[in-house]
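Have a look at the structure below, then the notes.
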Amino acid sequence: ISILDNVIKVWRVYPFVQEALAPLMSFFCAHLPLHMTMIKTNLCVAFQDHATATYSVVMYNLRDRSK
């Protein structure tokens, strides 16, 4: 049995320090994320709902943490 986690966690990477990862934000998604990509400060997430055969794309601004 596999339990799917619908929480996306975004981490900031500091490559030149000892503690290189710092949590930036996390958010819950109603559907399982299918694809993710970054465009500058925007996180784009694609979702697919198998029950209704619908697709959606949501853009999250990581600078001001808005959708």
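Some notes on this structure:
- Per residue, region 2-42 exposes 87 Å² of solvent-accessible protein surface, assessed with a 1.4 angstrom probe and all protein chains in place.
- Two-site label geometry, Ser66 and Asn6: point separation in nm, points 7 Å out along Cα→Cβ: 2.5
- Working from label points 7 Å from Cα in the Cα-to-Cβ sense, the Ala30 to Phe16 distance is 4.4 nm.
- Structure-derived Rg/Rh (Cα atoms, Kirkwood Rh) - corresponding label in (i) 0.97; (ii) 0.95; (iii) 1.04: (iii)
- Rounded to the nearest 20 debye, the dipole size of the chain about its Cα centre is 240 debye, using +1 on the Cβ of Lys and Arg and -1 on the Cβ of Asp and Glu.
- Within the accessible area of region 16-60 (1.4 Å probe), percent carbon and sulfur: 64
- Pairwise label distance in nanometres, Met38 with Tyr55, each label 7 Å out on the Cα-Cβ vector: 2.4
The values are calculated or read from the model by the stated rules, or taken from the named source; none is laboratory data. What you are looking at is a predicted structure, and each value in this text was computed from that prediction instead of being measured. Here Cβ is always computed from backbone atoms with ideal geometry, including for glycine, and neighbour counts include all displayed protein chains. SASA here: full protein model, heavy atoms, side chains in, ligands and nucleic acids out. Shrake-Rupley method; radii C 1.70, N 1.55, O 1.52, S 1.80 Å.
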